[in-house]
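The values are calculated or read from the model by the stated rules, or taken from the named source; none is laboratory data. Everything numeric in this text was worked out from a predicted model, so none of it was measured. Here Cβ is always computed from backbone atoms with ideal geometry, including for glycine, and neighbour counts include all displayed protein chains. Note: accessible area is taken over every heavy atom of the protein model, side chains too, but ligands, DNA and RNA are not part of it. Shrake-Rupley method; radii C 1.70, N 1.55, O 1.52, S 1.80 Å.
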Amino acid sequence: MKGVKEGRWILASGSPRRRELLEQMGVEFEVRISGVEERTSAVLPEDVVLELSELKAEDVAQEASEGVLILGADTVVSLEGRIMGKPGSHEEACEMIGSLQGRTHQVFTGVTMIYKERGGQRGISFAERTDVTLYPMSEEEIREYGESEEPMDKAGAYGIQGRFAKYILKIDGDYSNVVGLPVGRVYQEWKRLMEGEDQDD
């Protein structure tokens with residue numbers, strides 16, 4: 001099986017955090033952002049991220065050449081089953097952080113990997129869950145963070161790798177999943193997917 005550095009990947013996402021995580025893996029990749037409308041009929045958070053990751057990956061895979069792996073991903077924050085997307089305003093960011101503070105919530109990332117091969121393609125999809133518990137926060141702390149620019153492009157209105165890290169009490173699961181891509185699981189699932197290439201040779 002080829003090493004991860006030898007493969008050609010396409011990241012079907014514009015997320016700078018996912019780019020950084022793939023770089024940590026040592027992957028050679030290019031970015032092609034999917035133009036598909038991100039709509040889903042799913043209700044459960046894990047189903048939502050799975051469906052959206054598949055939509056993105058399949059859209060980009062249509063134009064991809066043979067021997068390329070396409071990775072689509074989607075991340076949501078969920079509190080008691082309610083999905084929290086990206087805030088539309090600083091006020092909404094403060095409301096989101098206020099509801100998360102002092103409690104445990106879930107971060108789900110759906111990942112779809114499609115490998116284009118001669119005569120077709122094959123793929124793997126999965127959803128990874130991480131539980132995140134926050135310390136209680138004062139109104140002043142909520143307002144200070146919520147009114148900054150950091151939460152504005154992030155699901156759940158916070159970035160664990162940024163200034164919000166000081167409010168994290170504990171994490172149960174994969175840290176990189178909360179950033180936007182479960183690197184370890186991606187690598188293991190990639191190996192499973194590429195085993196089929198060896199059998200085809």
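When only Cα pairs under 8 Å and 6 or more residues apart are kept, what is the percent relative contact order across the chain? Before the final figure, lay out each step's value.
Working: 413 pairs, mean separation 43.0, N = 201.
The value is 21 percent.
Name the long-range amide H neighbours of residue 34: under 5 Å, sequence gap of 5 or more, or other chain; modelled H, no Pro or chain starts.
Under 5 Å from the amide H of residue 34 lie the amide H atoms of 13, each far enough along the sequence or on another chain.
Across every pair of different alpha-carbon atoms, what Kirkwood hydrodynamic radius in Å does the range 7-90 reach? Mind showing how you got there, number by number?
On the way: mean 1/r = 0.0719 Å⁻¹.
Roughly 13.9 Å, rounded to one decimal.
Any chance you could tell me what percent of the C-alpha pair distances in the chain go past 26 Å? Let's see the in-between values first.
On the way: 6959 of 20100 pairs.
The calculated P(r) of the chain puts 35 percent of pairs beyond 26 Å.
Quick check on the chain: of the DSSP beta bridges with both residues there, what percent are antiparallel, nearest 5%?
Details: 31 of 38 bridges.
Close to 80 percent.
Count neighbours as other Cβ atoms within 10 Å of each site's Cβ, and list the GluC sites (Glu not before Pro) in the range 77-151 that are DSSP loop with at most 15 such neighbours.
Details: sites: 80, 91, 92, 95, 117, 128, 139, 140, 141, 144, 147, 149; in loops: 80, 147, 149.
When the GluC sites (Glu not before Pro) of the range 77-151 are filtered for loop state and at most 15 Cβ neighbours within 10 Å, 80, 147, 149 remain.
Amide H of residue 102: which non-local residues (sequence gap of 5 or more, or other chain) have their own amide H closer than 5 Å, using H built in the peptide plane?
134, 135, 137
Could you tell me what percent of the accessible area of the range 27-106 is made up of carbon and sulfur, with a 1.4 Å probe and every protein chain present?
43 percent
Using a probe radius of 1.4 Å on heavy atoms only, what accessible surface per residue do you get for the range 59-187? Whole Å² is fine. Present the calculation step by step, with values, prior to reporting the outcome.
Details: 5700 Å² over 129 residues.
Accessible surface, normalised per residue, equals 44 Å².
Between 0 and 90 degrees, rounded to the nearest ten: what's the tilt of helix 45-61 against the longest Cα principal axis of the chain?
So the helix axis and the longest Cα principal axis differ by about 40 degrees.
Scan around residue 84 for amide H atoms under 5 Å from its own, H built in the peptide plane at 1.01 Å from N, and keep only partners 5 or more places away or cross-chain.
Long-range HN contacts for residue 84: 77, 78, 79.
Return a whole-number percent for the relative contact order of the range 56-162, with Cα pairs under 8 Å and 6 or more residues apart as the contact set.
Values: 202 pairs, mean separation 36.8, N = 107.
This gives 34 percent for the range 56-162.
Hull surface divided by four, with the convex hull built on the Cα atoms of the range 87-188: how many nm²? Each step should come with its number before you reach the end.
Values: hull surface 29.7 nm².
If I average the Cα hull's projected area over directions, I get 7.4 nm².
Taking loop as defined by DSSP and a crowding limit of 15 other beta carbons within 10 Å, which trypsin sites (Lys or Arg not before Pro) in the range 57-160 fit? It would help to have the intermediate numbers written out before the result.
Working: sites: 82, 103, 116, 118, 122, 129, 143, 154; in loops: 103, 118, 154.
Loop-located and lightly packed - 103, 118.
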